[in-house]
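Engineer: Next up is a structure, given as structure tokens.
The values are calculated or read from the model by the stated rules, or taken from the named source; none is laboratory data. The shown structure was predicted, so the numbers you read here are calculated from the model rather than taken from an experiment. When we count neighbours, we look across all protein chains shown, and the Cβ atoms used for this are built from the backbone with ideal geometry, even at glycine. Side chains are part of the model used for accessible areas, which takes the heavy atoms of the whole protein and leaves out ligands, DNA and RNA. Shrake-Rupley method; radii C 1.70, N 1.55, O 1.52, S 1.80 Å.
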Amino acid sequence: MSQFLQFECNLDTFITQLQEKLTNNEQTIEKLLEIKNKTYANFVKPLEMMEEYLEHFFTPLSHLNAVNNSEVTQKVYSESLPIITEYSTKLSQNLEIYTAYKTINANEKTTLNAQQQRVLELNIQNFELSGAHLDTQTKAKLQTINIKLSELSNDFSQNLLNATNAFEYIIENAADVEGLPSSDIQAAAFEEDGITKYKFTLQMPSYISYMTYGKNAKIRETLYKAYVTRAPENAKIIDDILRLKSEMSQLLGFDNYAQYSLASKMAKDEESVISFLEKLINNSQLQAQNELKELQAVADKAIQSFDSAYYSEILKKEQYDIDEEEYRPYFEQTSVVNGMFDFLDKLFSIQFQKIDEILWDSKASAYDVYVEDKLTARLYLDLEARESKRGGAWMHNWQAHCTDEKGEEQLASAFVVCNFPASTPENPSLLRHDDVVTLFHEMGHAIHHLLSSVNENEVSGVNGVEWDAVEFPSQFLENFAYEPKVLQLFAVHHKTKEVIPDSMIEKLVKSKNFLSAMGMLRQLEFSLFDFKLHSQLYQGEGVQALLNDIRKETALIKTPDYNKFQNGFAHIFGGGYAAGYYSYKWAEVLSADTFYAVVDEGVFHSNTAKKYRDIVLNGGGSQSMKVLFEELMGREANINQLLRLNGIH
Ligand SMILES: [Zn+2]
């Protein structure tokens, strides 16, 4: 019998099958709750596996909808969403399950293994972060706050979208669009009264194009001012959101929202996050000032906020102009993929064996993954763009490594999806270097899931990994796409068979680190502002005052007073990043630190690489990444390696 599921999804019967499964699950839950002496083995394990099997059934549909999208997949998918949401909401609010977890945790604390304890701990935490343990009155209050918060966040995004769409700037003088890429000029051009005019908006890529290439500083200023003054009505919404988040956190027993956010993250307290960000700021300032001097040198006037993208582009062209077309012939898709497998084998002793299997598209492929010759997992690759595929790149986990309720081992599987140029019988698919980086990134996520040796699926592979650590394995692997020893394995000209010259690799690294300290300070400004803003209650002018205060350390070019960046900070007010924006940098430090440990040991045959496989990849979400990381390195993460990675000295 195959260890792996066959990829299949019957769209005609999907909804009926889904409903049957959910009804069965609900009956199973009722029966499980009737058990008198609930234990991990008779209650938690069957519940855990029930959810795993539901994932097995549901993932092929969401996958198909993303990679072979059609009217039928859309219809079935959108029909299934409310059904599955209703089911999971009911499950997450079932207090009998919460009570059962608590009892089992108390009864079996000393006999359960660490993985099982982690499953209980995370489940109990999930219930408690939504207030399951509180009295009815408080719960009702929390519910009202949550509804209000989701309305406010929706209004915030809507206001921003309306403001973005409401603005346009028409250029009539062709000289003002000189220097823009011709595709951008074409996109902006329209005819009116027999004259060609050019329309720019605040939408990407229109806005960014003019800010980067547009010669006319007056126009850049007008666009910039329009951009940073969007949605002034959001200021009031920010106050409301901050107040409600603070109230919610206090009802749940936290001093502030930052504490609430950290409860489920790797960073242990507010002080660790703030001092981490401040250290990076201090270490980047000097180089950022030097970068600004360099930038100033190519400008004919004192650089202002609306000039920096424009002069950066000029300086970049002058210093490291990368011609993608020169690189592409070195990155032929098949040779990149095989080279990456070869690299993973050299680094971690994992082998990939292509297998014949009928999949959703003839361009997709399946591989059995062996670790030191033992069959461990299955990987699906679907790398080429096609009309029916959603844009971007991602890893989607399917099966998780675990032992099932009968004690049998289940192996893991995952999909890696990209949008690389399609190959034809005449023309190979030639990638940009960015695509290679993307592939490494997604493979970093994939092996994090596939190489798990954890026996509890809820904390196996990427399941149960803290939010501020999820990008650690992907960024770690991505860094190797700039490493000469690794690139030389596969970056071979597809016609001349010549290996990519060192000078070309050097240019890639330099261009990656172009104005990196200024870029770092900008990200740190967002991170610190977000985090401090949620560490105590700020209202009205206090929000701006906090931002101004942070900018004293992070903004080298004076920000105009009219700039109300916060009203457009959709990540935290319209999305899920509140008190979590720091996570990007947090995970980058872990990945840079581990990366250099491997590089400094000569990359291949690195002992740290093997330990990384055995501790971080095998460990998945079974322990906090803090524990895994410190076991790997024997110490806390070192920010200096992130500075080194960014070329900041
Ligand atoms: Zn990622």
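Engineer: Suppose we keep only residues that are open to solvent by less than 20 Å² (accessible area, probe 1.4 Å) and without any contact (Cβ under 8 Å) to a residue 60 or more places away in the chain within segment 381-396. Which one would you say is farthest from the ligand (Cβ to nearest atom)?
Structural biologist: E384
Engineer: Out of the residues in segment 37-79 that are among the β-branched types (V, I, T) and within 21 Å of A364 (Cα to Cα), which is most open to solvent (accessible area, probe 1.4 Å)?
Structural biologist: The selected residue is V72.
Engineer: Tell me, which residue of segment 116-138 that is among the small types (G, A, S) and open to solvent by less than 30 Å² (accessible area, probe 1.4 Å) is nearest to the chain's Cα centre (by Cα)?
Structural biologist: Applying the filter and picking the extreme gives G131.
Engineer: For segment 561-608, how many residues meet the condition of being under 18 Å from Y260 (Cβ atoms) and not in a loop (DSSP other than H, G, I, E, B)?
Structural biologist: Summing the residues that are under 18 Å from Y260 (Cβ atoms) and not in a loop (DSSP other than H, G, I, E, B) in segment 561-608 gives 5.
Engineer: Restricting attention to segment 210-228, which residues are surrounded by 16 or more Cβ atoms within 10 Å (Cβ to Cβ) and over 17 Å from N173 (Cβ atoms)?
Structural biologist: Within segment 210-228, M211, T212, Y224, A226, Y227, V228 qualify.
Engineer: Taking the condition of being out of contact with any Lys or Arg (no Cβ under 9 Å at 6 or more places or on another chain) and either open to solvent by less than 10 Å² (accessible area, probe 1.4 Å) or part of a loop (DSSP other than H, G, I, E, B) (or both), how many residues in segment 358-380 meet it?
Structural biologist: 10
Engineer: When you scan segment 448-499, how many residues do you find that are touching a Phe, Trp or Tyr at 6+ places or on another chain (Cβ under 6 Å), away from the ligand (no atom under 15 Å from the Cβ), modelled with pLDDT of 95 or more and open to solvent by 10 Å² or more (accessible area, probe 1.4 Å)?
Structural biologist: 1
Engineer: Please go through segment 596-640 and pick out each residue that is aromatic (F, W, Y) and open to solvent by 10 Å² or more (accessible area, probe 1.4 Å).
Structural biologist: Scanning segment 596-640 gives Y596, F604.
Engineer: Another question about this same structure. Filter segment 541-560 for residues that are of a type outside the set (A, V, I, L, M), open to solvent by 40 Å² or more (accessible area, probe 1.4 Å) and outside any helix (DSSP H, G or I) and give the result.
Structural biologist: K558
Engineer: Follow-up. For M520, indicate whether it is at pLDDT 95 or above and either within 16 Å of the ligand (Cβ to nearest atom) or more than 25 Å from the chain's Cα centre (by Cα) (or both).
Structural biologist: No.
Engineer: I would also like to ask the following. Considering only residues that are among the hydrophobic types (A, V, I, L, M, F, W, C) and part of a loop (DSSP other than H, G, I, E, B), look in segment 253-287 and name the one that is surrounded by the fewest Cβ atoms within 10 Å (Cβ to Cβ).
Structural biologist: Among residues in segment 253-287 that are among the hydrophobic types (A, V, I, L, M, F, W, C) and part of a loop (DSSP other than H, G, I, E, B), the one surrounded by the fewest Cβ atoms within 10 Å (Cβ to Cβ) is A263.
Engineer: List the number of the failed condition for I171; all other conditions in (1) within 30 Å of the chain's Cα centre (by Cα); (2) crowded, with 16+ Cβ neighbours inside 10 Å; (3) more than 30 Å from V627 (Cβ to Cβ); (4) not hydroxyl-bearing (S, T, Y) hold.
Structural biologist: Of (1) within 30 Å of the chain's Cα centre (by Cα); (2) crowded, with 16+ Cβ neighbours inside 10 Å; (3) more than 30 Å from V627 (Cβ to Cβ); (4) not hydroxyl-bearing (S, T, Y), only one is false for I171: (1).
Engineer: Going by the structure shown, is H441 within 13 Å of the ligand (Cβ to nearest atom), open to solvent by less than 10 Å² (accessible area, probe 1.4 Å) and either at negative phi or over 13 Å from the mean Cα position of the chain (by Cα) (or both)?
Structural biologist: no
Conditions tested, residue by residue: (1) within 16 Å of the ligand (Cβ to nearest atom); (2) crowded, with 16+ Cβ neighbours inside 10 Å; (3) over 22 Å from H63 (Cβ atoms).
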residue	(1), (2), (3)
W398	no, yes, no
H401	no, yes, no
Q410	no, yes, no
F415	yes, yes, no
A422	no, no, no
S429	no, yes, no
V436	yes, yes, yes
